[in-house]
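Throughout, read-outs are computed from the coordinates displayed, never taken from laboratory work. Since the model is a prediction, treat every value here as computed from it, not as a measurement. In this analysis, Cβ positions are derived from the backbone assuming ideal geometry, glycine residues included, and neighbour counts consider all displayed protein chains.
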Amino acid sequence: MVNPQQISTAWDQIRPHVLRTPVVQTDVFGMPLSFKLEHMQHTGSFKARGAMNSLLSMDVPHAGLVAASGGNHGAAVAWAAARLGHKARIYVPEIAGPAKINLIKSLGADLVVVPGAYSNALEQALQYETETGAAQIHAFDAPATVAGQGTVMAEWEDQDLQADTVLIAVGGGGLIGGAMAWLEGRCKIVGVEPFNAPTLTQALENGPETTVEVSGIAANALGAKQVGRICYNLAQITGTVCVNVEDDAIAKAQLMLWENLRQLVEPAGATALAALLSGAYVPQKGERVAILLCGANPADHPL
């Protein structure tokens, strides 16, 4: 399990390395909303926090680091490894897309592109770990990773977050797990998942060992087939619920973030807002809603 003290320690540890990302309040979507612009973090996602905390919390072996990723975690591990002077091998599935693949390459990691999905990349990463003794940096289900991701919410509260409800996109559960661990029920957290990747939704209904088939426009970021046990346990303790959204709603939210706020995000980064715009989540009158924008690496990046 992860607790607020671990997150506070992580925040102190990673603060010199990560960006303090902005917060924006706006009513352009028809109601007052608070956005945390975490897609403006190093490598374009919150993942830099968990990766940096993981590396600073361990003795990195001579064999270096290995990670499996849909793209953003791999980029974060590559960035943290380069910053701290370690070698890293990153396994990503083909669906990661050229933008994320090129980003990882640019950061100097040894990159292996694997046919299939995240689970296929993870299988090869685990094999590499066994063969070489490299340290595995898990994308979402390790205490140091989750504690690092929890610093997003610690930082947001330090920026005077005023919310009754926070909407957070869910893949494997590292980000929402960190948020649940930090907030400890002080406000409601709603997980948002595509109908094509309902990992936490199905786990809460059918148990933590449940696996799902994943597809759709956000699969390269929200494509874990099984939710992390840390996230699942925290969701059980806090009573966190999930809503699901269609790919069309995600694409619309992505476009509206660009048109209304000039924020370029990937589909996963727009998924939490999609719940509000599509009616998958309907706030009560006067309910203060906050939305975490988590990633900015679309597969078809225009630059």
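Quick look at the numbers
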| read-out | value |
| --- | --- |
| Estimated dipole of the chain in Debye, rounded to 20 [Cβ of Lys and Arg +1, of Asp and Glu -1, Cα centre] | 540 |
| Taking the chain and dividing mean pair separation by its residue count, relative contact order in percent (alpha carbons under 8 Å, at least six apart) | 21 |
| Helical mean residue ellipticity (222 nm; -39500 (n - 2.57) per DSSP H run of 4+; nearest 500) of the chain | -13000 deg cm²/dmol |
| Residues of the stretch 240-283 with amide N under 11 Å of the 7 Å Cα→Cβ point at Asp164 | 283 |
| Size descriptor, Kirkwood hydrodynamic radius, that averages inverse alpha-carbon separations across the chain, Å | 18.6 |
| Computed E for Trp258/Ala82 - FRET, C-beta separation, R0 25 angstrom, nearest 0.05 | 0.25 |
| Chain lengthening between Glu246 and Asn206 when straightened (0.36 nm per residue, less Cα-Cα) | 12.3 nm |
| Ordering of 121-127, 160-166 by packing [mean C-beta count within 10 Å, highest first] | 121-127, 160-166 |
| Axial C-alpha extent at least 24 Å, average Kyte-Doolittle at least -1.0 - helices from the chain (DSSP) | none |
| Sequence ranges 12-24, 74-86, 182-194, ranked by mean other-Cβ count within 10 angstrom, highest first | 74-86, 182-194, 12-24 |
| Spacing of the two label points (7 Å from each Cα toward its C-beta) at Thr9 and Met31, in nm | 3.9 |
| Highest-MSF residue in the chain out of Ile291, Ile237, Ile90 [GNM, Cα springs under 10 Å] | Ile237 |
| Rounded if a/c under 1.5, otherwise prolate or oblate - the stretch 48-136, Cα gyration tensor axes | oblate |
| Cα-based Lys proximity count in the chain, under 21 Å, for pairs eight or more positions apart or on separate chains | 11 |
| Calculated over the stretch 195-303: convex hull of Cα atoms, volume per residue (Å³) | 110 |
| Modelled FRET efficiency - R0 45 Å, Ser215 with Glu287, Cβ distances, 0.05 increments | 0.90 |
